[in-house]
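Have a look at the structure below before the remarks.
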Amino acid sequence: MIVIPSSLIDRDDLTLLERALLPLIVRHSFVWGALPKALSASFLAELLRHSSREVVEALDSLVAKKILKTTREKTADGVMILYRLEPIVASQGIPDVALVATQYTDSNYYLNLSNETFEELHGYALEVCDREGLRREIFDDFNFQQRSQNRRSFDWHAEFERWIRREVASNSPVIANASQLEENKPTTQEFEMAQYFIRRLSSIDPQFKEPFDVMSWAKQIQILIESQGYTLLDIKAGIDWLFSAKGDWFRPNVPDAYHLRKHFKRLIAHTRSFREGTTRLPDGVNIFDIIGRE
């Protein structure tokens, strides 16, 4: 008999589908005398008689809550992303099925796509959606659909464009309304950061021509913040490093905001290598007051 710990059952942050998944995972993962098994989303979807997409979304939520973890295993059908609980030993020395509080060790969204490439795809998808006036949530639909089918591709940019054309042709509600377009506009601070980057570029290149559409540059700043989790202070630090003596060698690789976003992970890595900890502004000091004085 397998006992599910009350600490897992009593959690109040689980949806109905997540609560239904947990006993199934325990039932089919733990076998007496054997190591815990890892289960596929399609197997669990078949047991629950739900769509694979719904199950994948619920499983990913359980991973984010540190209840499940993922593994990658090679099967006859290729490399699969599987889910499992990890047993730990409780204080009484009895095996427990509660999961050790570990980090999500495998956040790859596609089977043959690295995390860094996924970030690039996500940023590209948001650009396409903004340019075409489409809902940004289309990318989430695309993501879950490919995950649920364990799809593989050598060109996910083309796959996303194909997905958009198919969705638009099927008259799905993919067009963003006026309120959604307004919500997706860059904030004033993101717009000012783009202008700050433009001023730094023009200060070192007398032939630099300011972009006609500054809004498109601000969109790149917005994607860095919303999609990749950087802060305005991170972005300013990266820009300042790029225009310092230490970053002079890399500056030709960043002629515009698109390349700033594309190379920002490398920029911020160099920036952070020259300091310890995180940069913090004193209370009551606005980052754009500093920008205005430079």
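Each residue, residue 187 and residue 28, gets one label point 7 Å from its Cα in the Cβ direction; the gap between the two is 4.3 nm.
3J(HN,Hα) along the stretch 153-165, derived from phi through the Karplus expression 6.51 cos²θ - 1.76 cosθ + 1.60 where θ = phi - 60°, amounts to 7, 9, 8, 6, 4, 5, 4, 5, 5, 5, 4, 4, 4 Hz, with x in place of Gly and Pro. From least to most packed, judged by other beta carbons within 10 angstrom and beginning with the fewest, 234, 10, 140 follow the order 10, 140, 234. Listed by chain and number, the lysines whose C-alpha is less than 23 Å from the C-alpha of residue 65, apart from same-chain residues fewer than 8 away, are 37. Projecting label points 7 angstrom from Cα along Cα→Cβ for residue 127 and residue 215 puts them 1.8 nm apart. Label separation (residue 13 vs residue 162): 3.8 nm, computed from points 7 Å beyond Cα along the C-beta direction. Panel order for 67, 164, by other beta carbons found within 10 Å of each beta carbon, from fewest to most: 164, 67.
Values quoted throughout were computed directly from the atomic coordinates according to the rules given, and no laboratory measurement underlies them. Because the structure is predicted, anything quoted here is derived from the model rather than measured. All Cβ positions, even for glycine, are placed from backbone atoms using ideal geometry, and neighbour counts span all protein chains on display.
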